[in-house]
């Protein structure tokens, strides 16, 4: 699945990593899936929602506690208005259909991204989904909607500056940990594994701060075709690697 070469540490006697606790996914390829079948792009997005349902169901079964998916970026506003409207409609349909079930299954929903500029009905639905699941803790589903990594960092920096101005935070107290307290992902661990579907090799402005040490897996599978087996393959790839976080490899001099 991954196009990355096998690490030098892989082989006989190599210690296998535990599975990832937090997986982030750039869900890409809906349009190409539809085009290959002579269907409108909206059909690809609809099938993409089904892939999301499969993935949310499979993730806890594979030992994942946190799943963060890139649903709508700040750059997606450049798409045709009809497609943007359709994407909003799919979010509404997903939440309205699945919220009750997710709530019963102990799933906590958090929507990260900029709330300003969203249609009132979408903003209200987002608030409802978060409010009704805020006591859950069995599984954490984070939906990045109207989200951009750079924009998130700028918003966090602005809030940090305001805290300093108010006297709530001193300049001397500013470090990485303090800064992370102003990000949308506060209280969410950084992703261990970031997957991008459809064969593209970009982060596309997704979780730029949080993915600093994430393992990256790029798969040719188009998002509407993504399923439990594709997720398992990405996890297997992840487990074959050696995570060093800047340190020397184990056993190296």
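Count of the stretch 170-198 residues, restricted to those that are closer than 25 Å to residue 129 by Cα and either out of contact with any strand residue (DSSP E or B) (no Cβ under 8 Å at 6 or more places or on another chain) or free of Cβ contacts under 8 Å to residues at least 60 places away in the same chain (or both), is 6. The residues on offer are 201, 213, and the sole one that is under 25 Å from residue 19 (Cβ atoms), out of contact with any helix residue (DSSP H, G or I) (no Cβ under 6 Å at 6 or more places or on another chain), touching a residue at least 12 places away in the same chain (Cβ under 8 Å) and exposed (fewer than 12 other Cβ atoms within 10 Å of the Cβ) is 201. Among the residues of the stretch 49-57, none qualifies, meaning not one is under 22 Å from residue 205 (Cα atoms), under 14 Å from the mean Cα position of the chain (by Cα) and not in a helix (DSSP H, G or I). Which ones in the stretch 218-253 are at pLDDT 95 or above and in a loop (DSSP other than H, G, I, E, B)? Selection gives 219, 220, 221, 222, 226, 227.
The values are calculated or read from the model by the stated rules, or taken from the named source; none is laboratory data. Model, not experiment: these values are computed from the prediction. Because the Cβ atoms are built from the backbone with ideal geometry, glycine has one as well, and the counts that use them run over all protein chains shown.
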